[in-house]
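Chemist: Pasting in a structure now, in structure tokens, and then I'll have a few things to ask.
The values are calculated or read from the model by the stated rules, or taken from the named source; none is laboratory data. Being a predicted model, the structure only gives us computed values, none of them experimental. Because the Cβ atoms are built from the backbone with ideal geometry, glycine has one as well, and the counts that use them run over all protein chains shown.
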Amino acid sequence: MFSFQKTPLKGKLKLVMMFTSLISIILVCAGLFVYEYFAVRQALTNDLMTKAEIIGANCTAAIAFDNSSDANQTLLTLTSQPNIIAAAVFTKQGTLFASYVRTDLHPSLPQQVKADGYYFEQGRLELFQPIMANDARVGTIFLSSDLERLYARFRSFSQIVLLVLLGSLAVAYFSASALQNRISRPILELVETTKQISERRDYSLRAQKKTEDELGSLSDAFNTMLSQIQERDASLKQANESMAAEITERKRAEVELRESEARLQTIVENLTEGLAVSDLDGQLLHFNRAALDLHGFVSLDECRRHLAEFADTFELSAPDGTVWPVDQWPLARILRGEKLRDLEVCIRRIQADWQRVFSYGGTLVHDANGQPMMAVVTISDITERKLAEEEISKLNAELEQRVLDRTAQLEVANKELESFSYSVSHDLRAPLRSIDGFSQALLEDHANTLDEKGKDYLNRVRAASQRMAQLIDDLLNLSRVARAEMQSERVNLSEIARSMAAEYRKAHPGRQVDFQIEEGIVAHGDARLLRVVIDNLLGNAWKYTGKHPRARIEFGMMNSNGEHIYFVRDDGAGFDMAYADKLFGAFQRLHAMTEFPGTGIGLTTV
Amino acid sequence: MTNRIILLVEDNPDDEALTIRALKQNDIANEIIVARDGVEALDYLFGTGAYAGRDLKSMPQLILLDLKLPKVDGLEVLRRLRSDTRTALLPVVILTSSKEERDLVNGYKLGANSYIRKPVDFVQFTEAVKQLKLYWLVLNERPPITGGNVI
């Protein structure tokens, strides 16, 4: 069944165009037809009126002479007019005077004269017209004509109209076919594009704009829409991709989390330190392997109890022996919010010979919102360590006592040494003074009773006693240096050396010694002792260059392997390096007394 | 009131003899009183014991004080005489064998005017005594005696 709705756009357009042209042609034809109808009718009427006039004029004489056969004769002329089917002439009074009827049709004549004029009746045109003679009416003529001419005209007209219609329909069809293409093609292309897009989901396709009319705008709008869709599609895709990536990442993180949990579990179980976990009510949830072992449990079920239930099994006490009630136990304290570290606890199994020292630590564990979740306790067995510590502290105490004893002994020894050197300083010199003094007295008071030998002996006694005094002094110096407490400070060695040199020069103004003292030599040490050192070294140099008329003594510093080496160099007697190791021993001398005086103590002091 | 006494506090008779010899050699004519221990020295200075009733107006012009003494040692003698107004201003020269640091420090802390270590070499000793005499008996002006009797 035909349905306009389902007709394709092309057909619709064609139909519309053809329908439109058909209607317009029909309307035009209808107009023409109406016009033609009236025109033909008018022509018919005019023709009939002319004929009526002619026949009327021909009949005036007959009427005037009341000769009806003439009139009939006249009327018979109408035979040549096939369309006249009846004619009649009426007198002025209205009586039939003459008539004519087409024989083949047997038409009836009117019984009465009607008013002048024409009438279309029953497929005929009837005309009543006055017959005038000398401007006076003498009768009435009646003519009846068939409408065959009109019908013929209509027939031919209808044929033409039909031909025109068919022709124009054909033209309309072809022109519609041609024209509709221009309208429908862009639409169809648009449709094709949308079809492709919907099939291929390719939003990069675009409709081609071919016209600047509404279809063009439609293409533009469509393309704009496509662009937007493409953009949305792209951003959607991107969002999808990132979401997919996120999901992948999350899955990976999940896997990692699971792995890390497993790892953590393994670590917890293999910790050498015991680990116990309880909920916030003190219900123990977990003991790791080490915790089980430490407490002497075999299975986890033994320890999944409430803290208070352990009071039957264990007794906990402080290192000082105070036994703690359960609410003083480490876990109880942790549950109250305390953080424990290295809490020493003596733990004893009740009714068993089992006692250890544990170090407890632990804290509450909080969730991400800071709400406490559970308590974690760490336990390590420090029994051995405690024993070792006790041993060590005992040893330490002994050691300390020993050190104290030794220190005291040392102090006593030091004291003794001090008092020894003190009395040496006082008492050892006194006899020497007597020996020297009385020898001198002898030399002075009894010079005349002494021969040269005796004087020589006395002089030797004096010299010996003086050297002895010098020895004592040097020894005292040595012991003082050995006892002295060192105080480290910045010491300018160059300055000390210079002041020493000045002293020596002053003491022996006759000697020619060239001192080369490097400037700015600074060391850290005990100023007093460093002075003693430099005094000894420079003094030696001074002494052992004594036989040179012009001597040269240098004091300086050099660097060797990052060490500072301070040196005193002289061009004096020098010594045999074979004995260098003896140089710094007490009373060691490498030169004969007669060559250079001295006791052999100086470098020992250094 | 030119009381030119030298009080020599010395327990060692050798040292006493040598010191007196050195003093004599330097032409010192002053009277020399010898105290052989700390107690004797204090007795002399304060007129007690063996010196009870001594005229305390005459005080030594110079005290030569050894440190190592029997009974009461030199530093104690010094401390006591410095804490007594009668003897507080007397010139005291410590003349001793030691030059131990603590002796030096304590000697000066307690108010010794000088500290001389007896040299072993008698020639040097004589020279030192000479310098002592020159300084303390000739050059140095004595402080006014502030003992109870004399200002």
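Chemist: So A:Ala368 clears everything in (1) among the hydrophobic types (A, V, I, L, M, F, W, C); (2) within 60 Å of the chain's Cα centre (by Cα); (3) loosely packed, with under 13 Cβ neighbours inside 10 Å; (4) closer than 30 Å to A:Gly321 by Cβ except one condition, right? Which one?
Modeler: (4)
Chemist: From the list A:Ile63, A:Ile85, which residue is part of a helix (DSSP H, G or I), touching a strand residue (DSSP E or B) at 6+ places or on another chain (Cβ under 7 Å) and in contact (Cβ under 8 Å) with a residue 40 or more places away in the chain? Outline the logic, then answer.
Modeler: Details: A:Ile85 fails: part of a helix (DSSP H, G or I).
The conditions single out A:Ile63.
Chemist: May I ask you to say which residue of A:Leu432, A:Leu443 is in contact with a helix residue (DSSP H, G or I) (Cβ under 9 Å, 6 or more places away or on another chain), modelled with pLDDT of 85 or more and more than 9 Å from every other protein chain (Cβ to nearest Cβ)?
Modeler: Values: A:Leu432 fails: more than 9 Å from every other protein chain (Cβ to nearest Cβ).
A:Leu443 is the lone residue from the list that is in contact with a helix residue (DSSP H, G or I) (Cβ under 9 Å, 6 or more places away or on another chain), modelled with pLDDT of 85 or more and more than 9 Å from every other protein chain (Cβ to nearest Cβ).
Chemist: Kindly indicate whether any position in the stretch A:372-381 is more than 30 Å from A:Ala311 (Cβ to Cβ), at pLDDT 85 or above and surrounded by 10 or more Cβ atoms within 10 Å (Cβ to Cβ).
Modeler: no
Chemist: I've got another one for you. Only one residue in B:Leu45, B:Leu95, B:Leu78, B:Leu90 is under 11 Å from the mean Cα position of the chain (by Cα), within 24 Å of A:Ser434 (Cβ to Cβ) and surrounded by 23 or more Cβ atoms within 10 Å (Cβ to Cβ). Which one?
Modeler: Working: B:Leu45 fails: within 24 Å of A:Ser434 (Cβ to Cβ); B:Leu78 fails: within 24 Å of A:Ser434 (Cβ to Cβ); B:Leu90 fails: within 24 Å of A:Ser434 (Cβ to Cβ).
When all the criteria are applied, what remains is B:Leu95.
Chemist: I would also like to ask the following. Suppose the filter is away from chain A (no Cβ under 14 Å), surrounded by fewer than 21 Cβ atoms within 10 Å (Cβ to Cβ) and assigned to a helix (DSSP H, G or I); does B:Tyr108 pass it?
Modeler: Details: away from chain A (no Cβ under 14 Å): yes; surrounded by fewer than 21 Cβ atoms within 10 Å (Cβ to Cβ): yes; assigned to a helix (DSSP H, G or I): yes.
Yes.
Chemist: Checking B:Ile94 against (1) among the β-branched types (Val, Ile, Thr); (2) touching a strand residue (DSSP E or B) at 6+ places or on another chain (Cβ under 7 Å); (3) more than 14 Å from chain A (Cβ to nearest Cβ): exactly one of these is not met. Which one?
Modeler: Of the numbered conditions (1) among the β-branched types (Val, Ile, Thr); (2) touching a strand residue (DSSP E or B) at 6+ places or on another chain (Cβ under 7 Å); (3) more than 14 Å from chain A (Cβ to nearest Cβ), the odd one out for B:Ile94 is (3).
Chemist: Would it be correct to say that A:Glu212 is more than 30 Å from A:Arg185 (Cβ to Cβ), over 19 Å from the mean Cα position of the chain (by Cα) and free of Cβ contacts under 8 Å to residues at least 40 places away in the same chain?
Modeler: Numbers: more than 30 Å from A:Arg185 (Cβ to Cβ): no; over 19 Å from the mean Cα position of the chain (by Cα): yes; free of Cβ contacts under 8 Å to residues at least 40 places away in the same chain: yes.
So A:Glu212 does not fit the description; no.
Conditions (1) closer than 30 Å to A:Thr383 by Cβ; (2) touching an Asp or Glu at 6+ places or on another chain (Cβ under 9 Å); (3) not β-branched (Val, Ile, Thr), marked per residue:
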position: A:Leu188; (1), (2), (3): no, no, yes
position: A:Arg201; (1), (2), (3): no, yes, yes
position: A:Gly216; (1), (2), (3): no, no, yes
position: A:Ile247; (1), (2), (3): no, no, no
position: A:Leu257; (1), (2), (3): no, no, yes
position: A:Ala262; (1), (2), (3): no, no, yes
position: A:Glu269; (1), (2), (3): yes, no, yes
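Chemist: Here is a further query. Can A:Asp427 be described as among the acidic types (Asp, Glu), within 11 Å of chain B (Cβ to nearest Cβ) and in contact with a helix residue (DSSP H, G or I) (Cβ under 8 Å, 6 or more places away or on another chain)?
Modeler: On the way: among the acidic types (Asp, Glu): yes; within 11 Å of chain B (Cβ to nearest Cβ): yes; in contact with a helix residue (DSSP H, G or I) (Cβ under 8 Å, 6 or more places away or on another chain): no.
When the stated conditions are applied, A:Asp427 does not pass them.
Chemist: Another question, if that's okay. What number goes with the only condition from (1) more than 7 Å from every other protein chain (Cβ to nearest Cβ); (2) free of Cβ contacts under 8 Å to residues at least 24 places away in the same chain; (3) under 27 Å from B:Glu10 (Cβ atoms) that A:Gln401 does not pass?
Modeler: So the condition that A:Gln401 fails would be (3).
Chemist: Please verify whether A:Glu241 is assigned to a helix (DSSP H, G or I) and at pLDDT 90 or above, treating the condition exactly as stated. Working first, answer last.
Modeler: Values: assigned to a helix (DSSP H, G or I): yes; at pLDDT 90 or above: yes.
The answer is yes for A:Glu241.
Chemist: Got a sec? Which strands (runs of 3 or more DSSP E) wholly within the stretch A:279-391 have at least 2 residues that are in contact with a helix residue (DSSP H, G or I) (Cβ under 7 Å, 6 or more places away or on another chain) and over 25 Å from A:Gln265 (Cβ atoms)? Spell out the reasoning first.
Modeler: Details: elements: A:284-287, A:314-317, A:340-349, A:355-366, A:372-381.
Answer list for the stretch A:279-391: A:340-349, A:355-366.
Chemist: Kindly list the number of the only condition in (1) buried (at least 18 other Cβ atoms within 10 Å of the Cβ); (2) within 14 Å of chain A (Cβ to nearest Cβ); (3) outside any loop (DSSP other than H, G, I, E, B) that fails for B:Glu127.
Modeler: The single condition B:Glu127 does not satisfy is (1).
Chemist: Can you tell me which condition A:Ser421 does not meet? The list is (1) surrounded by 16 or more Cβ atoms within 10 Å (Cβ to Cβ); (2) free of Cβ contacts under 8 Å to residues at least 24 places away in the same chain; (3) not assigned by TED's automatic domain parsing to the domain that holds A:Asp342, and all the others hold.
Modeler: Every condition holds for A:Ser421 apart from (2).
Chemist: Pick out the one residue from A:Ala152, A:Ala115, A:Ala170 that is of a type in the set (A, V, I, L, M), part of a loop (DSSP other than H, G, I, E, B) and either out of contact with any His (no Cβ under 9 Å at 6 or more places or on another chain) or closer than 30 Å to A:Thr20 by Cα (or both). Step through it out loud before you land on a result.
Modeler: Working: A:Ala152 fails: part of a loop (DSSP other than H, G, I, E, B); A:Ala170 fails: part of a loop (DSSP other than H, G, I, E, B).
Of A:Ala152, A:Ala115, A:Ala170, the one residue that is of a type in the set (A, V, I, L, M), part of a loop (DSSP other than H, G, I, E, B) and either out of contact with any His (no Cβ under 9 Å at 6 or more places or on another chain) or closer than 30 Å to A:Thr20 by Cα (or both) is A:Ala115.
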